[in-house]
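See below for the structure under consideration.
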Amino acid sequence: MEEQQHAPVLSVKDWMITILLLAIPLVNIVMLFVWAFSKGENPSKSNYAKASLIWALIGLGLYFIFFVLFFGAMMSNMNH
């Protein structure tokens, strides 16, 4: 039977620092990529960063679709 390795639990202080860094524009994006794809990162923080990046991609995709539809409707109205 395989032995499971348990990562240390992140403390409240660790999460406070994480949330503070995520509140800083541009730093937040860089740190999400670092936490998501670093080999030595805590798996909980890594999974959180990956989930946040996935939600950001979904948001960007929806924004792009909305922008194209809105811009297309505006251009269609201008031509009539």
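Things worth noting here:
- Single residue of LEU57, LEU26, LEU22, LEU69 found to be without any contact (Cβ under 8 Å) to a residue 60 or more places away in the chain, on the phi > 0 side of the Ramachandran plot and not basic (Lys, Arg): LEU26
- PHE70 meets all of the listed conditions (1) touching a Phe, Trp or Tyr at 6+ places or on another chain (Cβ under 6 Å); (2) open to solvent by 90 Å² or more (accessible area, probe 1.4 Å); (3) of a type outside the set (S, T, N, Q) but one, namely (1).
Residues are listed down the side, and each one gets a yes or a no for (1) β-branched (Val, Ile, Thr); (2) in a loop (DSSP other than H, G, I, E, B); (3) modelled with pLDDT under 95:
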| position | (1), (2), (3) |
| --- | --- |
| HIS6 | no, yes, yes |
| ALA36 | no, no, no |
| GLY40 | no, yes, yes |
| ILE58 | yes, no, no |
| LEU69 | no, no, yes |
| GLY72 | no, no, yes |
| ASN77 | no, no, yes |
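- Condition check for LEU32: closer than 13 Å to SER52 by Cβ and among the aliphatic types (A, V, I, L, M): yes
The values are calculated or read from the model by the stated rules, or taken from the named source; none is laboratory data. Computed from a predicted model, the values in this text were never measured in an experiment. Cβ: placed from backbone, ideal geometry, glycine included. Neighbour counts: every protein chain shown. These accessible areas exclude ligands, DNA and RNA; they are computed on the full protein's heavy atoms, side chains included. Shrake-Rupley method; radii C 1.70, N 1.55, O 1.52, S 1.80 Å.
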